[in-house]
Amino acid sequence: ATPMSVMVGVGKAAQYGILIRQGEALQRAGQVDLVILDKTGTLTEGRPTVTHLHAVDGQEDTLLALAAGLEQHSEHPLASAILERARRNGIEPAPVSAFEALNGQGVRGTLDGDILRLGNRRWLEAEGLSLAQVTEVARTITDAAGTPLFLARGDRVLGVIGVADALKPDTRAAIERLHRAGVRVMMVTGDVDATARAIAAQAGIDDYRAEVLPRDKAEVVTSLRRRGHTVAMVGDGINDAPALAAADVGFAIGTGTDVAIESAAITLMRGSLHGVPDALEISRATVRNIH
Ligand code: ADP
Ligand code: MG
C-alpha cells in the first residue's frame, strides 16, 4: 500500500475506535491467520463477582473476612470481586500481614502466626494441601464457567470461593466474524482447564490453552509464529504485555492497563472485540487500496 492509502486506512480505523500507532501494523493485520485472545478482561468484562461461598465449617463470614484480608493489597480483578462482596456483606477484612501476590497462583499472608493462602488448586496442592473435601464444590463452580479459589490456614483447608466473569455481550458475534473471515481463534488463560473450556464454549471458540502462567503467554505466541502463523494477540493485562509485544500484531483493550497499551501496536478504544475483525477488514481494503 502507498503511504497515502495507509494514512487513509489509519484514519478510517480511528473512526471505528481503533488506534493504530504504526502504519506497518495496519498492513500486517490483513495477513493475520490466527488470533489469540486473553480471557479475563478481553473476552470477558473483567469485572468478576463472587458466585459461591463455601466454608468447610459453615462459617462463611470468617471465610470472606480472611479472603478479603488477603486480597486487600492485590490488584487482580479476582481481588476486587472478593473485596466488593465483603463490603456488600458488611464484613471487615481480617488484618493480614506479610502479604505477597504470586503471579498466576494466588495470594499469601500471615495472621496470628498462621500462613494464609488463597489461590488455585495447582498451587495449594504444590504447597502440600489436600483439597479432596472441596472438590465437589469446585466442580460446581467450574461447570458454571467460574474460577474456584481455595482458602487454607496453615495446613487446614477452610473453603472455596467461586468467582465468575461474564462474557462481553458481543464477544460471541466478534469471534463469529473472525471465523467467517477464515481466521483461526484461540484463547489463552491462566485459569484451570474446566473453567477455560466452559468460557471458550460460551464464546464459540474451540481451541484454547489453559493454566498458562503469565510468563508463558509470550512463548505460546512465539511457538505458533514459528509454525508459520501470522499471529495477532489481544489482551488487556500487565500479564499480556510480553505476548502482545511478541505477536505480529498486538491489540490492547483500551480499558486495560497502560503496560498492555504500550506493548501493542493497536489499541481498541471501545472494549468490544469487533475492533479486531474491523481492523483486519480495513487492513485488507488498505492493502488492496480500495476505500
Ligand atoms: P488470567 O490469565 O486468566 O487473567 P492470571 O494469570 O492472572 O489469570 O491468574 C491465574 C490464576 O491464578 C487465577 O485464575 C487464580 O486461580 C490465581 N490467582 C491469580 N491472582 C490471584 C489473586 N489475587 N487471588 C486469588 N487467586 C489468584
Ligand atoms: Mg486479562
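The simple spin-label model puts a point 7 Å past each Cα toward its Cβ; for LEU213 and ARG288 those points are separated by 4.6 nm. Extension gain for MET269-GLU75 works out to 67.6 nm (0.36 nm per residue, less the C-alpha to C-alpha distance).
Distance between the modelled labels on ASP33 and LEU102, one decimal in nanometres: 4.1 nm (7 Å Cα→Cβ projection). Restricting the calculation to alpha carbons of the range 49-164 gives Rg and Dmax of 12.5, 36 angstrom. Structure remark: mean-square fluctuation, Gaussian network model of the chain, C-alpha springs under 10 Å; the largest value among GLN202, GLN15, GLN27 belongs to GLN15. Given only helices, namely DSSP H runs of n ≥ 4 each adding -39500 (n - 2.57), what is the per-residue ellipticity at 222 nm of the chain, to the nearest 500 deg cm²/dmol? One gets -11500 deg cm²/dmol as the mean residue ellipticity at 222 nm. Fully extending the segment from GLU125 to SER223, taken as 0.36 nm per residue of separation minus the present Cα-Cα distance, adds 32.4 nm.
Got a sec? Which residues in the range 103-119 would a label at GLN59 touch, if it sits 7 Å along Cα→Cβ and we count backbone N under 18 Å? Output list for this probe position: 109-118.
Note on GLN15 and ASP170: their simple-model spin labels are 1.6 nm apart, each label 7 Å out from Cα toward Cβ. Running Debye on the chain with equal point scatterers at the Cα sites and no solvent, what base-10 log of I(q)/I(0) appears at q = 0.15, 0.16 Å⁻¹? For the chain, the Cα-only Debye profile gives -1.05, -1.15.
Taking the Kirkwood radius as Rh and the Cα radius of gyration as Rg, the range 152-218 has a ratio of Rg/Rh equal to 1.11. Largest mean-square fluctuation among GLY204, GLY159, GLY41, in a Gaussian network model of the chain whose springs join Cα atoms under 10 Å apart, belongs to GLY204. Among TYR16, TYR208, the ranking by other beta carbons within 10 Å of each residue's beta carbon, starting with the fewest, stands as TYR16, TYR208. Computed log10 I(q)/I(0) for the range 38-88 at 0.12 Å⁻¹: -0.28, from the Debye equation with unit scatterers placed on every C-alpha and solvent omitted.
In this structure, ASP114 and ARG87 have a Cβ-Cβ separation that, at R0 = 30 Å, corresponds to a calculated FRET efficiency of about 0.80.
Every read-out reported here was derived from the displayed coordinates using simple, explicitly stated rules and does not represent laboratory data. Please read these numbers as outputs of a predicted model, since none were measured by experiment. Cβ sites come from the backbone with ideal geometry, for glycine too, and all protein chains shown count toward neighbours.
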